[in-house]
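Here's the structure we're looking at; comments come further down.
The values are calculated or read from the model by the stated rules, or taken from the named source; none is laboratory data. Not measured: the values here are computed from a predicted model. No Cβ is skipped: glycine too gets one built from the backbone with ideal geometry, and neighbour counts run over all protein chains shown. With ligands, DNA and RNA removed, areas are computed over all heavy atoms of the protein, side chains included. Shrake-Rupley method; radii C 1.70, N 1.55, O 1.52, S 1.80 Å.
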Amino acid sequence: MTDSLARLLPGRWQLVEMGAGACFVAAHAPDRYTEMVLTDQGKGTVYQGGELLTTFQLSFHFYWGQLRFIMEETRAPAYFDFFPSFLDERAGRYYKPDSPYAHVYKNTILVCEETLVMYGPRTGLSFVFKRLPSP
């Protein structure tokens, strides 16, 4: 992982906008308060209404100058449902997150001081988070 990403990624993030996947519903605010906590190693937890929804690990890859990720959620059902996932039988027999070809899955992540955007073009899913102050 790049040093700048390791510096910007950790913290508490509030979900402020989400776009629906295959049905292409316009981006909208979430129904319930959702918070994500990330570490500088890409480990995360997601809480909704104070209850744990999922945990995950992000793996990062550079491809043509873009930072891409694979998300391995550890709880079923998947909350984010980015393709591919080891929880998803549709991931295919050739998918291995540590293979040199894992970068072909074009999930992209953009992060700055106050905003984090995760987008999965294969499914149309998008999530926009704003940084919360540290407790």
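When residues of segment 1-40 are filtered for being open to solvent by 70 Å² or more (accessible area, probe 1.4 Å) and modelled with pLDDT of 90 or more, how many remain?
Count: 3.
Checking Leu110 against (1) over 13 Å from Pro10 (Cα atoms); (2) surrounded by 15 or more Cβ atoms within 10 Å (Cβ to Cβ); (3) modelled with pLDDT of 75 or more, which test does it fail?
Here Leu110 clears every test but (2).
I'd like the residue in segment 49-59 that is buried (at least 17 other Cβ atoms within 10 Å of the Cβ) and not β-branched (Val, Ile, Thr) and, out of all such residues, is farthest from Ile109 (Cα to Cα).
Going through the qualifying residues, I end up with Leu53.
Could you give every pair whose Cβ atoms fall below 9 Å, whose first residue belongs to segment 59-77 and is touching a residue at least 40 places away in the same chain (Cβ under 8 Å) and in a strand (DSSP E or B), and whose second residue is basic (Lys, Arg) and open to solvent by less than 80 Å² (accessible area, probe 1.4 Å), counting only separations of at least 6 or pairs across chains?
Taking only residues 6 or more apart or on different chains, the pairs are Phe60/Arg68; His61/Arg68; Phe62/Arg68.
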